[in-house]
Amino acid sequence: MTQSLYDPRLRGLYAITPDPPPKPGLLALQVELAIRGGVRLLQYRDKSSAPSLRRRYAERLLAVCRSAGVPLLINDDLRLAAELGADGVHLGRDDPDPALARRLLGEEAIIGVSCYDQLERAAWAQESGASYVAFGSFFPSPTKPNAARPEPSLLTQARLQLRLPLVAIGGITPHNGGSLIAAGADMLAVVSGIFAQADIIAAARAYASLF
């Protein structure tokens with residue numbers, strides 16, 4: 001089963017937390033501000049903290065997201081997502097199969113899959129039960145400087161061939177994000193463009209206003 005293209009959870013600004021994260025209380029505050037600015041979906045991404053600390057972070061973020069009605073996805077950690085009752089998970093190339101995630105987390109879970117510059121991987125993800133597929137990095141990104149660099153036309157191709165919402169990621173700013181939406185992106189995924197800014201609410205609003 002795949003999510004509808006018009007699922008309201010999968011349209012708009014998609015925030016991904018910085019890795020390594022600041023202290024749990026500060027990160028929770030930053031996420032709260034980002035949501036006030038218009039974030040529609042949040043991913044907790046943390047590959048550096050110990051498992052016990054990751055759980056503390058995730059619990060704090062889940063409370064913030066539940067209060068605001070914003071879904072929380074956990075990056076690559078199926079067990080943590082299942083134990084917390086998070087809204088879903090995001091999976092990369094070396095993570096578990098989306099079909100396994102679907103079986104474990106249920107039909108209502110949001111399961112995202114990174115597809116980089118690979119339309120074939122996106123088609124596989126769709127057939128494996130993904131809720132959305134993510135492409136990028138479309139622009140130079142401090143988060144993943146060596147990432148694949150597809151052209152925006154990949155989004156247009158994907159829109160013609162896939163039934164799933166499309167996420168664009170990588171070096172996206174309020175100035176270049178509109179071109180990706182025009183090419184077919186349903187969501188813009190942003191890390192430093194939100195969380196590295198002095199005014200997080202204003203930064204998020206600048207992205208959200210593109211939709």
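Bear in mind these aren't lab numbers, they're just calculated from the coordinates by the rules spelled out. Computed from a predicted model, the values in this text were never measured in an experiment. Ideal geometry is used to build each Cβ from the backbone, glycine not excepted, and the neighbour counts take in all protein chains shown.
A compact table of results
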quantity: Axial C-alpha extent at least 24 Å, average Kyte-Doolittle at least -0.5 - helices from the chain (DSSP); calculated: 51-68
quantity: Inter-part distance where segment 50-115 and segment 149-211 are each reduced to a Cα centre, Å; calculated: 21
quantity: Packing-based exposure ordering (other Cβ within 10 Å, fewest first) of D97, D199; calculated: D199, D97
quantity: Per-residue [θ]222 nm for the chain (sum of -39500 (n - 2.57) over DSSP H runs n ≥ 4, rounded to 500); calculated: -11500 deg cm²/dmol
quantity: Theoretical gain in end-to-end length, A182 to L29 [0.36 nm per residue, Cα-Cα removed]; calculated: 51.9 nm
quantity: Convex hull (Cα only) mean projected area of segment 138-188, reported in nm² to one decimal; calculated: 3.4
quantity: Spatial extent of segment 46-169: Rg and Dmax, with the Cα atoms as the point set, Å; calculated: 14.9, 43
quantity: Correct choice for Kirkwood radius over Cα pairs in Å that was computed from the model, options [x] 16.8; [y] 18.0; [z] 17.5; calculated: [x]
quantity: Simple label model, 7 Å out from Cα along Cβ direction - E83 to D97, nm; calculated: 2.5
quantity: Cβ-based net charge around L29, under 13 Å, with every Lys or Arg adding one and every Asp or Glu removing one; calculated: +2
quantity: Simple label model, 7 Å out from Cα along Cβ direction - H175 to E59, nm; calculated: 4.4
quantity: Residue order, fewest to most beta carbons within 10 Å, for Y116, Y14; calculated: Y116, Y14
